[in-house]
Each structure stands twice: as structure tokens, then as C-alpha cells.
Amino acid sequence: MTTATRSPQSTLVHSYLFLRRAIGLIGLALPFVLIFGKQLVQGGDLIGSLSGYYYSDVRDVFVGAMCAAGVFLFAYYGHDFIDNVASTVAGLGAIGLALFPTTPDHDVSGWDRTAGVLHLVFAAVFFLSLAYFCLRLFPHDGEQPAGVGVVYRVCGVVILASLVLIVVTSRLRLVPEWHPALWLESAAVWAFGVAWLVKGGTLTPKSVP
């Protein structure tokens, strides 16, 4: 079917698929771009978290990617009211965590602390909303290929487990030299990227036992 003869319903479906794939691609690409991009343009050591790359030469990539994800989530309309609310809340979280940076490591002002608290709140809203998509909304969204529900649930569990481990390793100051928050945040972002790409039909498995 050509673009000229494509029905309004078909156009709408293609728009939904584009939004899902765009969100998924941002999730998969962001950790790689931030980590390797910073090493290429600036060098130096790894930064302790993805949010910490706000204070590097790839700041604009971090802010731009999260704002783009937020806009895509705002534009995404699901099958019911709850679906729409969840995507709107996730969009607010994505844009909020981009606009309010994490607390810097030094020369911390009062505003830096306030922004850092807001950053954590928006980040929690963002990731918990995405986990809700994976665990509650996506697995029950109409007829799907066999095994896809398992993929969604695994992604949701990875997101929640990563958040818990970030809190635990931060509170207990476990292996800070390994930058646990960086890799756990990356795992959560990759998980939501995979879920949205599967939802967009890009990574849909043929079959899962």
C-alpha cells in the first residue's frame, strides 16, 4: 500500500509504531553515546552515573535525548485512559530529570541540592512509570506473539531491580570504584529500550518457549 492510498487507521498505526521505536532507540543508544562519546571528546575516567554526564562535554546529548523521549511519551496515546496517563507521567519524568540536573560532586550550592532532589524524584517517576508499562500495560495489550509478555515482564523486573540496587549500593557505598549506579542505570535504560522496541515490532521475538 502506498502512502497516497494508506487509510487513516493504517497511518495511525504507523505513527504509534514510530513513537514506540523512537523511544526504544533512545533507550538503547543513550548509555553507549554518553559513555563512549564522553571518552572520545573529553577523555578521563568514567562518571558515576548516567545523570552525572550532565556535567561533561556530552551534556547536550543527555538533555536532548531525555527531552526527546519525554516529547515522544507525551505524544504517545495508548488504548485506554490509564495507558495515556502512564505515558504522560513518564514524559514528565523524562523532561524533569533532564531539566533538573543531579547534584554535582563539588562546589555544591543550595540550588544544586534542590535540583538534585527534584532530579531524583523525576527519575523515580520516569523509571517507575516505564516499569508499570512493562509489567502491567504491555503484557495485556491485545493479541501478541507468543512469549512477548515474558520479555516485557523481564524488562520490568530489570528496571525495578536496578532501582533497588542503585539505592542499596549508594546507601552502603558498595564497590564505588566499579561505578555501580552507572551500570545499573544503563541496565534500566536498556531494559525500557528493549521493551519499547519490542512493542514497536522491531525486536519482536519469533517465538519464546
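Taking the stretch 80-112 as the range and being out of contact with any Phe, Trp or Tyr (no Cβ under 9 Å at 6 or more places or on another chain) and loosely packed, with under 12 Cβ neighbours inside 10 Å as the test, the residues that pass are D80, F81, H106, D107, V108, S109, G110, W111.
Just one of the listed residues (A123, A161, A181) is closer than 19 Å to I23 by Cβ, part of a helix (DSSP H, G or I) and among the aliphatic types (A, V, I, L, M), namely A123.
Of the numbered criteria (1) crowded, with 20+ Cβ neighbours inside 10 Å; (2) closer than 29 Å to D83 by Cα, the one G52 fails is (2).
Restrict the check to the stretch 69-76 and report whether at least one residue is more than 19 Å from I23 (Cβ to Cβ) and surrounded by fewer than 17 Cβ atoms within 10 Å (Cβ to Cβ). Looking through the stretch 69-76, none of the residues is more than 19 Å from I23 (Cβ to Cβ) and surrounded by fewer than 17 Cβ atoms within 10 Å (Cβ to Cβ). In the stretch 126-150, the qualifying residues are those that are open to solvent by less than 50 Å² (accessible area, probe 1.4 Å) and outside any helix (DSSP H, G or I), and the one that is nearest to G200 (Cα to Cα) is D141. The one condition from (1) over 30 Å from F18 (Cβ atoms); (2) part of a helix (DSSP H, G or I) that D105 does not meet is (2).
Among the residues of the stretch 4-11, not a single one is open to solvent by 50 Å² or more (accessible area, probe 1.4 Å), in a loop (DSSP other than H, G, I, E, B) and at pLDDT 90 or above. Just one of (1) more than 26 Å from Y55 (Cβ to Cβ); (2) open to solvent by less than 80 Å² (accessible area, probe 1.4 Å); (3) touching a residue at least 12 places away in the same chain (Cβ under 8 Å) fails for R153. It is (2).
So that you can scan it fast, the table gives a plain yes or no per residue for (1) at pLDDT below 90; (2) among the hydrophobic types (A, V, I, L, M, F, W, C):
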position	(1), (2)
V121	no, yes
F138	yes, yes
G156	no, no
S162	no, no
V167	no, yes
S186	no, no
W190	no, yes
W196	yes, yes
P205	yes, no
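The values are calculated or read from the model by the stated rules, or taken from the named source; none is laboratory data. Predicted model, so just to flag it, every value in this text is computed and none were measured. For neighbour counting, all protein chains shown are included, and Cβ atoms are generated from backbone atoms with ideal geometry for every residue, glycine included. Areas reflect the complete protein model, heavy atoms only, side chains present, ligands, DNA and RNA absent. Shrake-Rupley method; radii C 1.70, N 1.55, O 1.52, S 1.80 Å.
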